[in-house]
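Everything on this sheet refers to the single structure shown next.
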Amino acid sequence: MGNTVHPMHSSFANADLVECVLRFLPDFQCLASTILTSKTIYNVFQQHPRSVVRSVAYNLVGLALPQALRFVRCQNAQLYSKPVGELLGEDDIQKNPVLSNQDIRSLVAISTSVQELESLFSWRMKDRRFKTSQLSLAESTRFQKAMYRLSLFSAVYGHNGYESAVDPDSDQEEIDSALTEAFSLRKGFFGSFSTPELRDIQRVETFLRGIIARAEGFDFTMIPSATYSPESSFMLYCAPHNVVDVYKGGLDCITEWDFDPTEEIFFHDQFMIGPLKTVLIDRKEPLLLPVNQKQPIIDEIVGEHDRCSQCQSNTAQGLDLWGPSNWSYLWGNQLHHSIAQLLKGRVGANLADRTHFLTVSQETPAEELVGGLFDYKTPAYLTWNKADWLCSQCLEKFIRDHLHIWYLGQKINRGDVIPDNCWYGYNCRTQTHRLAHAQKLNHWCEPIKGDATPTNV
C-alpha cells in the first residue's frame, strides 16, 4: 500500500544495510536523530557503535580527522608546554580509535569553525565568485590540516602554555630562561613537519591575519596580506580557529584581551611566526616563496589572470578584483567608519548629517551599499556596470564620486525635505563648525563657487 510503513525485520541483509546507512550519515546530529527513529535501527547501532561513530567523524571532519583528533585530545588532556615528542601523535586515531563523548563534542565545535574558515579562504584565495568553499579535495585537506595544526600549536604553547611555563613571581632572569625554553619547544613543534607542510601553515597564518586586519577597519584598498598588530598576534596566540568569530563580530569577541604591557604580550607578539621562520632558515629555505612560484595549498585560482573591466591594469588581477559577489569582504564591522573616509570634501564632518550618514552606512550591507551607487551613476560613468570586476583603485574612484549622491538619495527616500544647495557644496568649511548653517543648506552636492576641487582628492 502507498504510505503503509512496514516494520523492518532484523535480517542479516537489512542489518548490514542499516549499518551502511549509518556509516554514511554526515554528522552526529543526523546520527542521533536516525538511531532514535526506530528500536531496530538503534539495536543495529549498538552492535557497531565504535566503527559507526568513527565513520561519521570522518564524514564530518574529512581526511584531516587525525590532525583534528590530535588537537582535541591534546587540548582536553591539557598537555601544555610539552615537547613535541611527548604530545599525542597524528596516528593516535590508529592507536586509540574509540572516540569518547568529549572527543565528539570537541570535534563538532572546532570542525564547524574550520569549515567556515575554509569557505572564507576559498572565497578570498581561490574563487572570488562563491562564498562557499570551492576547494578541491586535495586543497581542502591541506587547508584543514594546517588549521588543526595551528590550533594545536596555540593550545599547547599559547596562553595556557605560557601560564604553565612562566611563574609570574619569578625574577627577570628566570622569566628570560623560561621564554627561551618556550621558544625552543615551539621551534621543535614546527620542526616536526615537512617544509611543504610548514608552507601550508604559514599561508593559513597569513590568511588569518588578513581577516583580523579587515576587522580592525583597514581601508579596503590597503588590506595587507599580513598585519602584525597586537590584536592579530593575540588572537592567533589564543585560538586561531576562533578567527571566524572575529570575521562575524569584530574584535569585540576577544574578551580575554589585556592591554597591560606584560611579559606575556611580548611573548605572543611573534610566538607563532618567529619559530616557524627559524625552522625555515635552518633548512636554508626562503622565508616566503617568490610570487612567480606556485603558492601553498591552492592548485588553481579561478580567473587568476582576469583584469579590471575599466582600466585593464596588469597590476591588479584575479583575486584583487572586486564585484557583487565579494563586495561584502571589503570592509569589516567598521564599514561605516571606513567608507566615510571616501566622502568628498568636508561633508563627512557635516554637523547636521554625520551621525545619520554613519547610521545608514552601518545598517546597509556592503553589497547593497556599493550596488546602490550604480543607481546614481553620473554621465562620466555611463559605461560602468554593476557586474564589472574592478580593481581597488577604480572601485575607490567610483565610490568617492557617488557616495554623497547616494546618501542624498537615502535622505530623499526617507521623506526628508532637501534645502537649497550650498554654493560651496561638499567643500564648505562652515558645515563642520556651524550647526545652523549645516541644517539650513544642502552640502551633499557639487560646489559651484570657491574651490571646486574636492579637498581629499
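Just a few scattered comments:
- Condition met for L382 (modelled with pLDDT under 95, hydrophobic (A, V, I, L, M, F, W, C) and touching a Pro at 6+ places or on another chain (Cβ under 9 Å)): no
- Restricting Q29, Q67 to residues that are polar (S, T, N, Q) and either outside any helix (DSSP H, G or I) or buried (at least 18 other Cβ atoms within 10 Å of the Cβ) (or both) narrows the list to Q67.
- All positions within segment 361-385 that are buried (at least 16 other Cβ atoms within 10 Å of the Cβ) and of a type in the set (A, V, I, L, M): A366, L369, V370, L373
- Among the conditions (1) over 23 Å from the mean Cα position of the chain (by Cα); (2) touching a residue at least 12 places away in the same chain (Cβ under 8 Å), R149 misses just one, which is (1).
- Residues in segment 281-306 that are in contact (Cβ under 8 Å) with a residue 40 or more places away in the chain and in contact with a strand residue (DSSP E or B) (Cβ under 7 Å, 6 or more places away or on another chain): D306 alone.
- Unmet criterion (only one of (1) among the basic types (K, R); (2) assigned to a loop (DSSP other than H, G, I, E, B); (3) closer than 27 Å to Q312 by Cα) for K449: (3)
- Residue within segment 174-189 that is part of a loop (DSSP other than H, G, I, E, B), at pLDDT 85 or above and under 25 Å from R149 (Cβ atoms) present: no
- Subset of segment 46-64 (residues that are surrounded by fewer than 19 Cβ atoms within 10 Å (Cβ to Cβ) and over 15 Å from S140 (Cβ atoms)): Q46, Q47, H48, P49, R50, S51, R54, S55
- The residues in segment 398-412 that are closer than 11 Å to W444 by Cα and aliphatic (A, V, I, L, M) can be counted, and the count is 3.
- Neighbours by Cβ (under 8 Å, 6+ apart or cross-chain): first from segment 72-98, at negative phi and of a type outside the set (V, I, T); second exposed (fewer than 13 other Cβ atoms within 10 Å of the Cβ) and not in a loop (DSSP other than H, G, I, E, B): N76/Q102; L79/E86; G89/K95; P97/R50
- Here S133, S38, S100, S113 are screened, and the one residue that is among the small types (G, A, S) and crowded, with 19+ Cβ neighbours inside 10 Å is S133.
- Filter result for the condition that a residue is under 22 Å from the mean Cα position of the chain (by Cα), within 21 Å of F143 (Cα to Cα) and modelled with pLDDT under 80, over P224, P296, P240, P230: P224
- Cβ separations smaller than 7 Å between residues 6+ apart or across chains give the following pairs from segment 119-138 residues that are within 24 Å of R307 (Cβ to Cβ) to residues that are among the acidic types (D, E) and buried (at least 17 other Cβ atoms within 10 Å of the Cβ): Q134/D127.
The values are calculated or read from the model by the stated rules, or taken from the named source; none is laboratory data. Nothing here was measured: the structure is a model prediction, and the numbers come from that model. Counting neighbours? That spans all protein chains shown, and the Cβs are built from the backbone with ideal geometry, glycine included.
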